[in-house]
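Scroll down for the structure; my scribbles are underneath it.
The values are calculated or read from the model by the stated rules, or taken from the named source; none is laboratory data. If you're wondering where the values come from, they're calculated on a predicted model, not measured in any experiment. Cβ atoms come from the backbone with ideal geometry, glycine included; neighbour counts cover every protein chain shown.
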Amino acid sequence: MRQETPSQVPGAAPTLTKRDFESDQDVRWCPGCGDYSILAQTQRILPELGIPKEDLVFISGIGCSSRFPYYMDTYGFHTIHGRAPTIAAGVKIANPELSVWVITGDGDALSIGGNHFIHLMRRNLDINVLLFNNRIYGLTKGQYSPTSEQGKVTYSTPMGSIENPFNTISLALASRVSFVARSLDRDSDHLRRIIKAAFEHKGTSFVEIYQNCNVFNDGAFFQYTEKETKADNTVFLEHGEPLVFGKDRDKGIRLNELRPEVVSLTDGKYTVEDLMVHDQFADGPTLAHFFARMTDLPNVPTPVGIFRSFNRPCYEDFMTQQIDAARGTKGQGDLEGLLNAGDTWEIE
Amino acid sequence: MNKKMQTIEEATILFAGDSGDGSQIIGTQMTEASAIVGNDVATLPDYPAEIRAPAGSLAGISGFQLHFSSENIHTPGDACDVLVAMNPAALKVNLDNLKPNGLLIVNSNNFASRNLKLAGYESNPLEDGSLEKFQVYPVELTRLTREALKDTDLSQREVDRCKNFFAVGMVFWLYNRPMENTLHFIKERYAKKPEYVEANTLALKAGNVYCEATEQFATSYVVEPAEFPPGKYRNVEGNMATAFGLVAASQVSGLQLVYGSYPITPASSILHALANHKEFGVVTMQMEDEIAAIGVAIGAAFSGALGVTGSSGPGLALKSEALNLAMIAELPIVVCNIQRAGPSTGMPTKTEQADLLQMYYGRNGESPVPIIAASRPSDCFDAIYEACRIAVKYMTPVIFMSDLYVAFGAEPWRIPEVSDLAEINVDFRTEEEGFNPYLRDATTLARPWVKPGTPGLEHRIGGLEKADITGNVSYDPENHEQMTHIRSEKVARIADDIPPLEVFGPQKGNLLVVSWGGTFGAVRTAVERKQGNGASVAHTHLRYLNPLPKDLGGILERFNRVLVPELNLGQLKQLIRAEYLIPAEGLNKVQGQPFHVFEVESKIDELLEGEV
């Protein structure tokens, strides 16, 4: 006779752990790579999301980050350079019940796949995009990327890059993304929280993750991630909270005309009341754009957190509505009727 | 007056005018009317590249050629019996197509100096004697249409736009066509503008009555019904048949159809047709580019749907990397290449079949992909359906090829019974025990198809080389060679699953003509005519280009000479030479136009000369 497991509610999904999401393949990133942390935080947070393992699909393009699906014991598809958003869109439209994730990098999403990246967000399919931004091409061994800073010396730019980098968050906002956030490979708690929020948002969720490539671009983000400098160089966006930062939380961001101004909270001139307050759910994208631009400005901290999230109908929901509407007026498709429609004649 | 009625076997009519003159509409109406009286019909629309070139200019001429007959026909006709030219430019562009003593109906109101100049005429051809070898009927189409519509409230501009229906009304009289169908069409088309229904109806009837009343036209013609196998028929264009075939494959297999596409001539009308049939659960996604369009097809296939993308040669160039991914991932998608004249942007509104080697070889690495080509508009239904069947059965991408001539052409189609369609069995794997993503069916070598969402079968696939059976990433040299052979063998085995070739005519002898794709009609007609004259010539037509049919080699051996007519510089010829080591000869044309039957006939004559 079969015995009931007393600890388990009949019919409920078994509780999963991080290990359940680890595939049997050896992880092959360089030792010390920031990708390890992102993989681990994803595997740690997934059990909390309550999705059956079989409903998860991880889709990647090409690059170091795109090896990610091989290490996940879920459905996965390692596709071709830059095209993961298109394949993810096909997966999602054919089965909207699946939880679909795109794993990509700065070269994959913003260079070769730039077109797909913006159109995915414009369409707003319910897909989560994790972009590992290390500001370098790692897999091809160290060329500059579309997020590399101007002047960057790499193998392909021995005299320094003459290009301007993308502001990734601004690009996503301009593409009308309905959820956009930034997190850090070295801030595991924050990263898990953001991944969870991205999952919970219905619509395209875009998360830029600053990720260290310790071989070709070591320390690119240390000013934002390392203990000594992090607090003074980042400001964590929290909905409804004023923009306070600094090791001693003694600085803030004030709106000065149309510019962000760093002010001291200890010299008596300004208080917390004078600071900008984050509104993640603001009606328009203006505030999010404003914060996104701070990334490019000297002498202001770089924002980290959820820049904006708002609800708008998903592409797949509209598609289902149109199919339902067509069936409402024409009835369920009838193949014989279709082939025999219009002017016909009989030959005896 | 006393009007004569004369029975003839067949006729070819070309309607030509500015692209805004409605030549396509009246051509289609004459086609429908001819099909409904039981003629066999074949059409060739000829669009300009410009949507609306300057009125009266040579660049803006749009034509629609229709061939109808009491015999079975396979082409829209080499030359025309009737040319309806709405202006001097239409005359200039198409006069070479008119047979000597052919009927030339022109809108004489449009032959004023400005239009003559635009068309590059120094003098008025209606007056300078240059048209004397034709039967010229100058008709004041504009004035007569205005006259007929004088009691309507339409503006002069709106009235003038009805003159195409006046013209087709005349042609209906000339060939004794019933008007009911076109009257019904007008009602439907202008349902929201009753004043247009009235005006176009008046114009159509006025054109008809004009011919009856005027002494200009003394003879009308009767083309008796052709003999067709019994059944229910409709007219169908190639792209429409392609769309129907996809819906049919989706319905029969029970797989949702997901069609990703990016607008491109001449494939777009497949997207339009499918977008109109969401009641079948069809998803159409107009994507941001060609790559995204095949991307959604691949993603949909991974999810367990019937993923399809459609484009033309330039789009296929962009899709090739993704197509290769589908090949190595062994996912069933169908890729439609509706060919047009290349290379590069080429001549987008003209036909050609020069993408065969691109489809064969246009991918990096060893990348075998089955190729199926449609021979004529109605065959698009069967060919695309077969492409879907093979894709699903063998877990492989399949390329479906047609071309602009087939895609835009129309002909009568015997509507198939749904119950007669081939089965498309889909067997999604759900059994966890013993599962591996690259296990194979012993006969077809297909790997299992697993829908994400199936518990216990989580697995990863991708474009990196796969270890046999497990599908894990592998750089093992021997494994790579083995997997390359397996993928090749899988496609080769499809040859066991295709019907034997039909050889039309003698089963052995002097000359075999081998064709593929849209040249079927011209080649078959030429061979029929030569056989009628007692020549020893046979014809076989290839639907399956990859793999080639197993019996092709044996058939080729039975003939002294092999001719491969193609609208390219000899691509199938090259494949046949390489595969069978025979000196196949070519007849090649790259003018953006289909073969004329006489061109194929002359080549056959040339090759048979001196043969006994």
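Scan the range B:295-307 and give yes if some residue there is modelled with pLDDT of 95 or more, over 28 Å from residue A:54 (Cβ atoms) and surrounded by 23 or more Cβ atoms within 10 Å (Cβ to Cβ), otherwise no. Talk me through it step by step, then tell me what you get.
Taking the range B:295-307 as the starting set, the residues that turn out to be modelled with pLDDT of 95 or more are B:295-307.
In the following step, the residues that additionally are over 28 Å from residue A:54 (Cβ atoms) were identified as none.
For the range B:295-307, residues modelled with pLDDT of 95 or more, over 28 Å from residue A:54 (Cβ atoms) and surrounded by 23 or more Cβ atoms within 10 Å (Cβ to Cβ): absent.
Can you tell me which residues in the range A:31-81 are among the hydroxyl-bearing types (Ser, Thr, Tyr), touching a residue at least 24 places away in the same chain (Cβ under 8 Å) and over 12 Å from residue A:21 (Cα atoms)?
Residues of the range A:31-81 among the hydroxyl-bearing types (Ser, Thr, Tyr): A:36-37, A:42, A:60, A:65-66, A:70-71, A:74-75, A:79.
Filter once more, keeping what is touching a residue at least 24 places away in the same chain (Cβ under 8 Å): A:37, A:42, A:60, A:65-66, A:70-71, A:74.
Once the filter is applied, which keeps residues that are among the hydroxyl-bearing types (Ser, Thr, Tyr), touching a residue at least 24 places away in the same chain (Cβ under 8 Å) and over 12 Å from residue A:21 (Cα atoms), the range A:31-81 yields A:37, A:60, A:65, A:66.
Kindly indicate whether any position in the range B:591-607 is touching a Leu at 6+ places or on another chain (Cβ under 8 Å) and of a type in the set (Gly, Ala, Ser).
no
Determine which single condition residue B:475 fails, assuming it passes every other condition in (1) within 14 Å of chain A (Cβ to nearest Cβ); (2) in a loop (DSSP other than H, G, I, E, B); (3) of a type outside the set (S, T, N, Q); (4) surrounded by 18 or more Cβ atoms within 10 Å (Cβ to Cβ).
With (1) within 14 Å of chain A (Cβ to nearest Cβ); (2) in a loop (DSSP other than H, G, I, E, B); (3) of a type outside the set (S, T, N, Q); (4) surrounded by 18 or more Cβ atoms within 10 Å (Cβ to Cβ) applied to residue B:475, the lone miss is (4).
Within the bounds of the range A:247-263, is there any residue that is surrounded by 14 or more Cβ atoms within 10 Å (Cβ to Cβ), among the small types (Gly, Ala, Ser) and in contact (Cβ under 8 Å) with a residue 12 or more places away in the chain?
Checked the range A:247-263: at least one residue is surrounded by 14 or more Cβ atoms within 10 Å (Cβ to Cβ), among the small types (Gly, Ala, Ser) and in contact (Cβ under 8 Å) with a residue 12 or more places away in the chain.
Considering only the range A:16-38, how many residues are within 11 Å of chain B (Cβ to nearest Cβ) and assigned to a helix (DSSP H, G or I)? It would help to see each step written out before you state the result.
At the first step, the residues of the range A:16-38 found to be within 11 Å of chain B (Cβ to nearest Cβ) are A:20-21, A:23-26, A:28.
Now narrow it down to the ones that are assigned to a helix (DSSP H, G or I): A:20-21.
Here the count works out to 2.
Would you say residue B:166 is of a type in the set (Phe, Trp, Tyr), buried (at least 20 other Cβ atoms within 10 Å of the Cβ) and assigned by TED's automatic domain parsing to the domain that holds residue B:195? Give the derivation first.
Numbers: of a type in the set (Phe, Trp, Tyr): yes; buried (at least 20 other Cβ atoms within 10 Å of the Cβ): yes; assigned by TED's automatic domain parsing to the domain that holds residue B:195: yes.
Yes; evaluated as a whole, the condition is true for this residue.
Give the range B:138-154 a look and list any residue that's modelled with pLDDT under 95 and hydroxyl-bearing (Ser, Thr, Tyr), or say none.
Correct list: B:152 only.
Please state which of the following conditions residue B:346 fails to meet, knowing it meets all the rest: (1) modelled with pLDDT of 95 or more; (2) within 24 Å of the chain's Cα centre (by Cα); (3) crowded, with 22+ Cβ neighbours inside 10 Å.
Status for residue B:346: all satisfied but (3).
Which residues, counting only those in the range A:68-92, are more than 7 Å from every other protein chain (Cβ to nearest Cβ) and touching a Gly at 6+ places or on another chain (Cβ under 7 Å)? Walk me through it before giving the result.
Applying the first criterion (more than 7 Å from every other protein chain (Cβ to nearest Cβ)) to the range A:68-92 yields A:68, A:71-72, A:81-82, A:84-85, A:92.
Listed by number, the residues that qualify are A:81, A:82, A:84, A:85.
Between a residue in the range B:350-378 that is under 24 Å from residue B:246 (Cα atoms) and any residue that is assigned to a loop (DSSP other than H, G, I, E, B) and among the aliphatic types (A, V, I, L, M), which pairs come within a Cβ distance under 7 Å, given they are 6 or more apart or on different chains?
From the range B:350-378, the pairs are B:351/B:567; B:352/B:567; B:352/B:590; B:353/B:567.
Does the range B:585-601 contain at least one residue that is of a type outside the set (Asp, Glu), at pLDDT 95 or above, more than 22 Å from residue B:406 (Cβ to Cβ) and surrounded by fewer than 23 Cβ atoms within 10 Å (Cβ to Cβ)?
no
Within the range B:313-321, identify whether any single residue is at the interface with chain A (Cβ under 8 Å from one of its Cβ atoms) and either under 23 Å from residue B:567 (Cβ atoms) or basic (Lys, Arg) (or both), and answer yes or no. Spell out how you get there, then give the answer.
Keep residues of the range B:313-321 that are at the interface with chain A (Cβ under 8 Å from one of its Cβ atoms), which gives B:321.
Cutting the leftovers down to either under 23 Å from residue B:567 (Cβ atoms) or basic (Lys, Arg) (or both) gives us none.
No.
Let's see how each residue does on (1) in contact with a Pro (Cβ under 9 Å, 6 or more places away or on another chain); (2) closer than 20 Å to residue B:373 by Cα; (3) at pLDDT below 95:
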residue: B:411; (1), (2), (3): yes, yes, yes
residue: B:433; (1), (2), (3): no, no, no
residue: B:465; (1), (2), (3): no, no, no
residue: B:469; (1), (2), (3): yes, no, no
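If you check every pair at least six apart or on different chains, which have Cβ atoms under 7 Å apart with a residue in the range B:195-209 that is basic (Lys, Arg) first and a residue that is assigned to a helix (DSSP H, G or I) second?
B:205/B:169
Given the criterion in a loop (DSSP other than H, G, I, E, B), of a type in the set (Lys, Arg) and either surrounded by 24 or more Cβ atoms within 10 Å (Cβ to Cβ) or free of Cβ contacts under 8 Å to residues at least 40 places away in the same chain (or both), identify the matching residue among A:152, A:141. Don't jump to the end; show me each part of the working.
On the way: A:141 fails: either surrounded by 24 or more Cβ atoms within 10 Å (Cβ to Cβ) or free of Cβ contacts under 8 Å to residues at least 40 places away in the same chain (or both).
On inspection, the qualifying residue turns out to be A:152.
Hey, among the residues in the range A:291-348 that are among the small types (Gly, Ala, Ser), on the phi < 0 side of the Ramachandran plot and at pLDDT 95 or above, which one's nearest to the chain's Cα centre (by Cα)? Explain how you work it out, then say what you get.
Pass one, the range A:291-348, residues among the small types (Gly, Ala, Ser): A:292, A:305, A:309, A:325-326, A:328, A:331, A:333, A:337, A:341-342.
Now restrict to residues that are on the phi < 0 side of the Ramachandran plot: A:292, A:309, A:325-326, A:328, A:333, A:337, A:341.
Next, from what is left, pick out any that are at pLDDT 95 or above: A:292, A:309, A:325-326, A:328, A:333, A:337.
Details: A:292: 15, A:309: 12, A:325: 33, A:326: 34, A:328: 37, A:333: 38, A:337: 46 Å.
Filtering first and then ranking leaves A:309.
Which residue out of B:11, B:16, B:33 is outside any loop (DSSP other than H, G, I, E, B) and either under 22 Å from residue B:522 (Cα atoms) or touching a Cys at 6+ places or on another chain (Cβ under 7 Å) (or both)? Steps first, please.
Details: B:16 fails: either under 22 Å from residue B:522 (Cα atoms) or touching a Cys at 6+ places or on another chain (Cβ under 7 Å) (or both); B:33 fails: either under 22 Å from residue B:522 (Cα atoms) or touching a Cys at 6+ places or on another chain (Cβ under 7 Å) (or both).
Only one candidate passes the filter, namely B:11.
Being of a type outside the set (Phe, Trp, Tyr), part of a helix (DSSP H, G or I), away from chain A (no Cβ under 13 Å) and without any contact (Cβ under 8 Å) to a residue 60 or more places away in the chain: is that true of residue B:507 here?
Numbers: of a type outside the set (Phe, Trp, Tyr): yes; part of a helix (DSSP H, G or I): no; away from chain A (no Cβ under 13 Å): yes; without any contact (Cβ under 8 Å) to a residue 60 or more places away in the chain: yes.
Against the criterion (of a type outside the set (Phe, Trp, Tyr), part of a helix (DSSP H, G or I), away from chain A (no Cβ under 13 Å) and without any contact (Cβ under 8 Å) to a residue 60 or more places away in the chain), residue B:507 does not qualify.
Residues being assigned to a loop (DSSP other than H, G, I, E, B) and within 14 Å of chain A (Cβ to nearest Cβ): count how many of those fall in the range B:259-273. Break it down stepwise before answering.
Step one: list which residues in the range B:259-273 are assigned to a loop (DSSP other than H, G, I, E, B), which gives B:262-267.
With within 14 Å of chain A (Cβ to nearest Cβ) added as a condition, the list becomes B:262.
Final tally of qualifying residues: 1.
Within the group B:239, B:276, which residue is buried (at least 24 other Cβ atoms within 10 Å of the Cβ), at pLDDT 95 or above and either more than 7 Å from chain A (Cβ to nearest Cβ) or under 30 Å from residue B:37 (Cβ atoms) (or both)?
Values: B:276 fails: buried (at least 24 other Cβ atoms within 10 Å of the Cβ).
The unique qualifying residue is B:239.
Take residue A:196 and tell me if it is assigned to a helix (DSSP H, G or I) and either touching a Gly at 6+ places or on another chain (Cβ under 8 Å) or in contact (Cβ under 8 Å) with a residue 24 or more places away in the chain (or both). Give the derivation first.
On the way: assigned to a helix (DSSP H, G or I): yes; either touching a Gly at 6+ places or on another chain (Cβ under 8 Å) or in contact (Cβ under 8 Å) with a residue 24 or more places away in the chain (or both): yes.
Against the criterion (assigned to a helix (DSSP H, G or I) and either touching a Gly at 6+ places or on another chain (Cβ under 8 Å) or in contact (Cβ under 8 Å) with a residue 24 or more places away in the chain (or both)), residue A:196 qualifies.
Going by what's in this entry, would residue B:464 be described as within 22 Å of the chain's Cα centre (by Cα), farther than 17 Å from residue B:304 by Cα and within 14 Å of chain A (Cβ to nearest Cβ)? So that I can check it myself, show each step before the final result.
Details: within 22 Å of the chain's Cα centre (by Cα): no; farther than 17 Å from residue B:304 by Cα: yes; within 14 Å of chain A (Cβ to nearest Cβ): yes.
It is false that residue B:464 is within 22 Å of the chain's Cα centre (by Cα), farther than 17 Å from residue B:304 by Cα and within 14 Å of chain A (Cβ to nearest Cβ).
Taking the condition of being in contact (Cβ under 8 Å) with a residue 12 or more places away in the chain, within 14 Å of chain B (Cβ to nearest Cβ) and not charged (D, E, K, R), how many residues in the range A:291-340 meet it?
Matching residues across the range A:291-340 total 4.
How many residues does the range A:39-60 hold that are within 10 Å of chain B (Cβ to nearest Cβ) and assigned to a loop (DSSP other than H, G, I, E, B)?
Within the range A:39-60, the first condition is being within 10 Å of chain B (Cβ to nearest Cβ), and the residues that meet it are A:52-60.
Now drop any that are not assigned to a loop (DSSP other than H, G, I, E, B), which leaves A:52.
Total satisfying the criteria: 1.
Across the range B:438-472, what is the total count of residues that are surrounded by fewer than 17 Cβ atoms within 10 Å (Cβ to Cβ) and farther than 28 Å from residue B:546 by Cβ?
Number satisfying all stated conditions: 3.
Taking only pairs six or more apart or across chains, which ones have beta-carbon atoms under 7 Å, a first residue in the range A:109-136 that is among the basic types (Lys, Arg), and a second residue that is surrounded by fewer than 24 Cβ atoms within 10 Å (Cβ to Cβ) and in a helix (DSSP H, G or I)?
A:123/A:315
List every residue pair whose Cβ atoms lie under 7 Å apart, where the two residues are 6 or more positions apart in sequence or sit on different chains, the first residue falls within the range B:531-544 and is assigned to a strand (DSSP E or B), and the second residue, located anywhere, is among the charged types (D, E, K, R).
Correct list of pairs: B:537/B:530; B:539/B:524; B:540/B:502.
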